1. Here are some residues: 17, 26, 21, 88. Which one is surrounded by fewer than 20 Cβ atoms within 10 Å (Cβ to Cβ) and either touching a residue at least 12 places away in the same chain (Cβ under 8 Å) or on the phi < 0 side of the Ramachandran plot (or both)?
2. How do the strands (runs of 3 or more DSSP E) wholly within the stretch 1-103 filter down when requiring 2 or more residues that are β-branched (Val, Ile, Thr): which remain?
3. Would you point out the residue of the stretch 49-64, among those that are out of contact with any helix residue (DSSP H, G or I) (no Cβ under 8 Å at 6 or more places or on another chain) and under 22 Å from residue 132 (Cβ atoms), that is surrounded by the most Cβ atoms within 10 Å (Cβ to Cβ)?
Amino acid sequence: MPRYLAIDYGKKRIGLAISDADGKIAAPLRQFTHDGTLEDMIRRIQPFLQEYEVDELVVGLPLCKDGTEGPQAQQIRRIGQSLAQGLAKPVHYFDESFSSEAADDLLRQRGPLTPRAQKSRRDALAATLILQSFLDQPKK
């Protein structure tokens, strides 16, 4: 079973989540700020691929409310293609609609957090929700 690393891309922050070795359970890994360049993203993600023996990537895809791909989704696909080449890993795309809102809801349920603490956990938790949804879908 492949091991997946999920990437929740944002212009300022990137959240990462990792699957277990059986590819069944997602867990938050970390979040980091980046300078917006693909080189910086690749440099920051590369160590996790080796440390966790990642086989494939899952990138959150921001679909429109009607399920179509707009300009943001097209930009993410270009970023995903660059990551696939730069990291030499296959990339899967999965709908990330409402993952950040769901992450915020989960964080609120855990108890009061300062805005800074919530920001520091939000993107990794969103990546976890994206990855778990990807893992839970029936395989073809």
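1. Values: 17 fails: surrounded by fewer than 20 Cβ atoms within 10 Å (Cβ to Cβ); 26 fails: surrounded by fewer than 20 Cβ atoms within 10 Å (Cβ to Cβ); 88 fails: either touching a residue at least 12 places away in the same chain (Cβ under 8 Å) or on the phi < 0 side of the Ramachandran plot (or both).
None of the others qualify; the one that does is 21.
2. On the way: elements: 4-9, 13-19, 26-33, 56-61, 91-95.
Of the strands (runs of 3 or more DSSP E) lying wholly inside the stretch 1-103, those with at least 2 residues that are β-branched (Val, Ile, Thr) span 13-19, 56-61.
3. Keep residues of the stretch 49-64 that are out of contact with any helix residue (DSSP H, G or I) (no Cβ under 8 Å at 6 or more places or on another chain), which gives 50-53, 55-56.
In the following step, the residues that additionally are under 22 Å from residue 132 (Cβ atoms) were identified as 51-53, 55-56.
Working: 51: 10, 52: 17, 53: 10, 55: 15, 56: 15.
Per the stated criteria, the residue is 52.
Since every read-out is calculated from the coordinates, none of them should be taken as a lab result. All of these numbers come straight from a predicted model, not from anything done at the bench. Note: ideal-geometry Cβ built from the backbone for every residue, glycine included; neighbour counts use all protein chains shown.
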